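Submitted below is the structure of interest, expressed as C-alpha cells.
Here, each number is a calculation from the coordinates, and none is a lab measurement. Since this is a predicted model, take the numbers as computed values, not measurements. Please note: Cβ atoms are built from the backbone with ideal geometry, for glycine as well, and neighbour counts cover all protein chains shown.
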Amino acid sequence: NAGVTQTPKFRVLKTGQSMTLLCAQDMNHEYMYWYRQDPGMGLRLIHYSVGEGTTAKGEVPDGYNVSRLKKQNFLLGLESAAPSQTSVYFCASSYPDWQPQHFGDGTRLSIL
Amino acid sequence: SQQGEEDPQALSIQEGENATMNCSYKTSINNLQWYRQNSGRGLVHLILIRSNEREKHSGRLRVTLDTSKKSSSLLITASRAADTASYFCATVGGFGAGTRLTVKP
C-alpha cells in the first residue's frame, strides 16, 4: 500500500518554464490537497479538491493551476515558473469533513 | 493566514524529559489535529481531538484542548532521540508554523 506518491521528488527549473507535479493516492480518498512549505511559514494551502472533477482555491493559489480528472490523481501545474515559487510542495489526501490527511514525501522545486 | 500557531518555535531537551508544545487558533473548530514531520519527509498524523473533548491520550502523547481559550497542547512524555522532528497543529483553517523539537541523547 503506497499511500500518497508524489512525482518528481526533485526538480530545477529556469524562470518562465512550465511543469506539472503529479500526486497519486491509492486510499480512495475524496479530498486531495496541494501545499507549499517554506522555511518558518509552515504549510500553506494552494488548491484542493473535494472530488473527481472539482477544484477550489486555497490560501496561495496565484501562479498555479490544478486538475482532478481521476479520483486518484491530483495535478499541480506551474505555467510560468518564478523564483518565488521555489519551495517544497506537498500533496495530501483525506476522507471528507476534515479527517486526518495523509501526506506524500514532497517535491523539492528550485527555480533559477 | 494560518489558523494554528505553535509555541515555542524551537525546543531542545534531553532524552527522558517531557516536551510540551502549545497551539493557538483563531476560529471555531470541530476538531484539532497534531502532526509530526521528520526532516525531509511528509507530515504524519499523530492524534485528533474533537471540540467536545478536553484531553486525549495515545501512547506517550497527551493532547489537551481548551476551546474557551482557543488553545491546545501536546505533551510527549519520556522523550526519545527518535522524537526529534517538527510538530504542527492543524485546524480547518490550516496548519501552524510548527515547533522544532530536538531530543538530545
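Rule-of-thumb check for chain A: C-alpha Rg over 2.2 N^0.38 Å?
In units of the globular-protein estimate, chain A measures up at 0.99.
Let me ask something else. Lysines within cross-link reach of B:Lys69: Cα-Cα under 30 Å, excluding same-chain residues under 8 positions apart?
Partners found: A:Lys57, B:Lys26, B:Lys56.
Give a residue-ordered list of calculated ³J(HN,Hα) values for the stretch B:91-105 (Karplus: 6.51 cos²θ - 1.76 cosθ + 1.60, θ = phi - 60°; whole Hz; x for Gly, Pro).
10, 4, x, x, 9, x, 7, x, 10, 8, 9, 10, 10, 8, x
Based solely on C-alpha atoms, express the radius of gyration and the Dmax of chain B in angstrom.
12.8, 39
Looking at the stretch B:49-102, which trypsin sites (Lys or Arg not before Pro) are in a loop (DSSP not H, G, I, E or B) and have at most 12 other Cβ atoms within 10 Å?
Passing sites in the stretch B:49-102 are B:Arg54, B:Lys69, B:Arg80.
Quote the FRET efficiency, to the nearest 0.05, computed for B:Glu53 versus B:Glu15 with a Förster distance R0 of 35 Å and r equal to the Cβ-Cβ distance.
It comes out at approximately 0.70.
Taking square-rooted eigenvalues a ≥ b ≥ c of the alpha carbon gyration tensor, is the protein assembly as shown rounded, prolate or oblate, where a/c under 1.5 means rounded and, failing that, a/b exceeding b/c means prolate?
Prolate, because a/c is 1.5 or more and a/b exceeds b/c.
A follow-up question, please. Would you tell me the mean number of C-beta atoms belonging to other protein chains that fall within 10 Å of each C-beta in A:90-97, as a whole number?
So the per-residue partner count for this stretch is 2.
Right, next: If Lys and Arg each add +1 and Asp and Glu each add -1, what is the summed charge of the other residues whose beta carbon sits under 15 Å from the beta carbon of A:Gly77?
So the environment of A:Gly77 carries a net charge of +2.
Which longest run of chain A has no exposed loop site in it, a site being trypsin sites (Lys or Arg not before Pro) in a DSSP loop with at most 13 other beta carbons within 10 Å, and the site itself not part of the run?
Longest stretch, sites excluded: A:15-69.
For a test of the definition: using alpha carbon positions, the gyration tensor, and the 1.5 limit on a/c, classify the stretch A:29-70 as rounded, prolate or oblate.
Because a/c hits 1.5 or more and a/b exceeds b/c, the stretch A:29-70 counts as prolate.
Let's see if you can work this out: charge +1 on each Lys and Arg Cβ, -1 on each Asp and Glu Cβ, no other charges. What is the dipole magnitude of the protein assembly as shown about its Cα centre, in debye to the nearest 20?
Charge dipole of the protein assembly as shown: 220 debye, to the nearest 20.
Only counting other Cβ atoms within 10 Å, I'd like B:Leu48, A:Leu109, B:Leu32 sorted with the fewest neighbours first.
The fewest-first ordering by Cβ neighbours comes to B:Leu48, A:Leu109, B:Leu32.
Ok, one more. Contour minus end-to-end for A:Thr5 and A:Gln99, with contour as 0.36 nm per residue of separation and end-to-end as the Cα-Cα distance?
Full-extension gain reported as 31.9 nm.
Right, here's the next one. Any idea how far the Cα center of the stretch A:61-77 sits from the one of the stretch B:27-98, in Å?
28 Å
Compute the signed sum of charges (Lys and Arg +1, Asp and Glu -1) over the other residues within less than 12 Å, Cβ to Cβ, of A:Tyr89.
Overall, the nearby charge balance is +3.
So what is the relative contact order for the stretch B:9-104, in percent, with contacts set as C-alpha pairs under 8 Å and at least six apart?
Taking the mean separation of contacting Cα pairs over the length of the stretch B:9-104, I get 39 percent.
Straight distance only, please: which aspartates and glutamates reach the Cα of A:Lys9 with their own Cα at less than 20 Å, same-chain residues fewer than 8 apart left out?
A:Asp26, A:Asp38, A:Glu79, A:Asp105
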